[in-house]
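Below: one structure, written as structure tokens.
The values are calculated or read from the model by the stated rules, or taken from the named source; none is laboratory data. In this text the structure is predicted, and so the values were computed from the model without any measurement. Here the Cβ positions follow ideal geometry from the backbone for every residue, glycine too, while neighbour counts run over all protein chains shown.
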Amino acid sequence: MSARPGVIVTMDGPAGTGKSSVAWNLAQRLGLEVLDTGAMYRAAAVVAIDEGVAADDGAALAARIAEEGLAFDWSSRPPRMLLGGRDLTERIRDADVNVVVSVVARQAALRAALVEAQRVIGRAHPRLVTEGRDQGSVVFPDAQVRLYLDAHPEVRARRRVEQMRSQGRPADYEAVLRAIQQRDHLDETRTDGPLVCPQGAVRVDTSGLSLDQVVGELERIVRASVPAERLAPPRAAQPA
Ligand code: DC
């Protein structure tokens with residue numbers, strides 16, 4: 001366990017706000033580890049698809065995950081998502097997973113299991129930027145800093161299309177936009193751990209900002225509320 005005192009920074013927000021890249025870059029700058037909780041829901045979706053478990057049977061999904069062992073490999077940066085002996089890091093980004101994961105993430109029994117798993121991770125890795133939908137509202141409500149990232153759906157769709165194309169995947173803007181709107185609706189309307197801006201969270205609209213600008217703004221917010229000795233020192237100012 002780290003000798004430095006704990007710092008938990010939560011980062012919530014809808015799909016396509018660039019949260020994963022932002023969380024990773026922010027954690028690097030602050031000297032913290034990063035927890036991608038969406039990866040855990042995605043792994044559960046892979047179990048549903050690849051092992052034939054019903055996507056709406058949260059108890060069965062939670063049981064399968066407990067049997068097989070869902071874990072991050074913390075020696076990789078960012079950590080890789082493992083289920084039993086299988087490395088799911090790439091598989092969880094496939095299109096079929098995107099379709100199923102919102103249904104999976106609505107299941108209360110699965111959410112309860114993953115929320116508990118995330119708190120256990122938080123105890124073992126107490127210096128953490130943790131990103132998802134419910135990190136500041138449900139999982140770590142006492143976190144030192146709670147952030148909420150948002151962006152217009154059209155901007156988020158455009159970013160997702162660019163990201164997919166840069167990975168050599170075909171992407172249709174209208175279809176991506178519709179999928180984002182559908183996923184928002186499902187995430188916001190579920191009864192358990194819905195997507196909300198947590199109480200006391202700082203809300204940042206990333207629509208007109210580059211990744212670097214977002215990370216810079218969030219770094220400023222965190223440094224303003226956490227004692228300097230708990231964080232990695234700021235990067236030396238770049239010469240003009
Ligand atoms: O952030 P993402 O796209 O990897 O998330 C995948 C899905 O999991 C998405 O439907 C939202 C859901 N999710 C959730 O319900 N709670 C979390 N803490 C993280 C993700």
What number of residues within segment 183-210 are within 16 Å of the chain's Cα centre (by Cα), surrounded by fewer than 17 Cβ atoms within 10 Å (Cβ to Cβ) and modelled with pLDDT under 90?
-> 2
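Yes/no per residue for (1) out of contact with any strand residue (DSSP E or B) (no Cβ under 9 Å at 6 or more places or on another chain); (2) acidic (Asp, Glu); (3) at pLDDT below 95; (4) assigned to a helix (DSSP H, G or I):
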{"residue": "Leu128", "(1), (2), (3), (4)": "no, no, no, no"}
{"residue": "Ala143", "(1), (2), (3), (4)": "no, no, no, no"}
{"residue": "Gln181", "(1), (2), (3), (4)": "yes, no, yes, yes"}
{"residue": "Ala237", "(1), (2), (3), (4)": "yes, no, yes, no"}
Verdict on Ala113 being within 19 Å of Asp134 (Cβ to Cβ), under 13 Å from the mean Cα position of the chain (by Cα) and without any contact (Cβ under 8 Å) to a residue 60 or more places away in the chain = no
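With of a type in the set (A, V, I, L, M, F, W, C), surrounded by fewer than 19 Cβ atoms within 10 Å (Cβ to Cβ), farther than 19 Å from Val196 by Cα and more than 12 Å from the ligand (Cβ to nearest atom) as the only criterion, which of Ala157, Ala175 stands out? Steps first, please.
On the way: Ala157 fails: surrounded by fewer than 19 Cβ atoms within 10 Å (Cβ to Cβ).
None of the others qualify; the one that does is Ala175.
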Among helices (runs of 4 or more DSSP H) entirely within segment 1-93, at least 2 residues that are under 16 Å from the mean Cα position of the chain (by Cα) and crowded, with 21+ Cβ neighbours inside 10 Å occur in 19-30, 37-51
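Would you confirm, using the coordinates I've provided, whether Ser102 is within 16 Å of the ligand (Cβ to nearest atom) and of a type in the set (S, T, N, Q)?
It is true that Ser102 is within 16 Å of the ligand (Cβ to nearest atom) and of a type in the set (S, T, N, Q).
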Only residues that are more than 10 Å from the ligand (Cβ to nearest atom) and modelled with pLDDT of 90 or more: list them for segment 12-22, please.
-> Ser21, Val22
List the number of the failed condition for Thr130; all other conditions in (1) touching a Lys or Arg at 6+ places or on another chain (Cβ under 7 Å); (2) under 28 Å from Ala224 (Cα atoms) hold.
-> (1)
Pick out the one residue from Ala109, Ala151 that is away from the ligand (no atom under 13 Å from the Cβ), at pLDDT 95 or above and not polar (S, T, N, Q).
-> Ala109
